[in-house]
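Below is one structure, written out as structure tokens; comments come after it.
The values are calculated or read from the model by the stated rules, or taken from the named source; none is laboratory data. The model shown is predicted, which means the values in this text are computed figures rather than measured ones. Don't worry about glycine lacking a Cβ; one is built from the backbone with ideal geometry, like all the others, and counts go over all protein chains shown. Protein only, heavy atoms only, side chains kept; ligands, DNA and RNA dropped before computing areas. Shrake-Rupley method; radii C 1.70, N 1.55, O 1.52, S 1.80 Å.
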Amino acid sequence: MGWQWDTQKNTGGLAIHTRAVLIKLAFTLIIVGGIFNLWFGLSLFNTLLTALIVTGIAYVIGDLWVFPSFGNVIATVIDAALIGITLWATQLVLVGFGIQSTAILTASASLAVAEWFFHSYLHRTGLVHPLANY
């Protein structure tokens, strides 16, 4: 719904998505790790698992569905909310109420800024084609 492959520009298909997911995982891990691991001393396993879950959910819903269908502004706002909910739920399951809401809001806002630029990357590489105004 809304996204399509550009076979002329990106002949790799799955390789292009893999590269995009790895880029997203890297900046998610840096931001989540910086906030949760360094500030709150959460384990590396917890940080990695959280980054993997956030990356997977945000990539499929935010980048492959919302961004192509509604454009960058709406996708970034939706991503911020989606990431915040996912961070909260993941940390609730993994550590109980051990993470302050300000840390979740800080991580969500930081990731939303990164998502803005990531959407530009997706558009520039032709991985997704926004149907709405970019």
Determine whether region 105-125 contains at least one residue that is of a type in the set (Phe, Trp, Tyr), in contact with a His (Cβ under 8 Å, 6 or more places away or on another chain) and touching a residue at least 24 places away in the same chain (Cβ under 8 Å).
-> no
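May I ask you to list the residues in region 66-79 that are part of a helix (DSSP H, G or I) and out of contact with any Gly (no Cβ under 9 Å at 6 or more places or on another chain)?
Of region 66-79, the ones part of a helix (DSSP H, G or I) are 66-70, 72-79.
Hits for region 66-79 are ASN72, VAL73, ILE74, VAL77.
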Out of (1) open to solvent by 50 Å² or more (accessible area, probe 1.4 Å); (2) touching an Asp or Glu at 6+ places or on another chain (Cβ under 9 Å); (3) in contact (Cβ under 8 Å) with a residue 24 or more places away in the chain, what's the single condition that is false for TRP65?
-> (2)
If you go through region 68-81 one residue at a time, how many are free of Cβ contacts under 8 Å to residues at least 60 places away in the same chain, open to solvent by less than 40 Å² (accessible area, probe 1.4 Å) and farther than 14 Å from PHE118 by Cβ?
-> 0
(1) at pLDDT below 95; (2) under 10 Å from the mean Cα position of the chain (by Cα); (3) small (Gly, Ala, Ser): which one isn't true of ALA114, the others all being true?
-> (1)
Give just the number: which of (1) surrounded by fewer than 17 Cβ atoms within 10 Å (Cβ to Cβ); (2) in contact (Cβ under 8 Å) with a residue 12 or more places away in the chain; (3) in a helix (DSSP H, G or I) does HIS129 not satisfy?
-> (3)
In region 34-56, how many residues are touching a residue at least 12 places away in the same chain (Cβ under 8 Å) and buried (at least 17 other Cβ atoms within 10 Å of the Cβ)?
-> 10
Report, by residue number, each residue of region 82-103 that is under 16 Å from the mean Cα position of the chain (by Cα) and either in contact (Cβ under 8 Å) with a residue 24 or more places away in the chain or crowded, with 21+ Cβ neighbours inside 10 Å (or both).
-> LEU82, ILE83, GLY84, THR86, LEU87, THR90
When you look at VAL60, is it open to solvent by 60 Å² or more (accessible area, probe 1.4 Å), out of contact with any Leu (no Cβ under 7 Å at 6 or more places or on another chain) and modelled with pLDDT of 90 or more, yes or no?
-> yes
Within region 40-53, can one find any residue that is modelled with pLDDT of 95 or more and touching an Asp or Glu at 6+ places or on another chain (Cβ under 9 Å)?
-> no
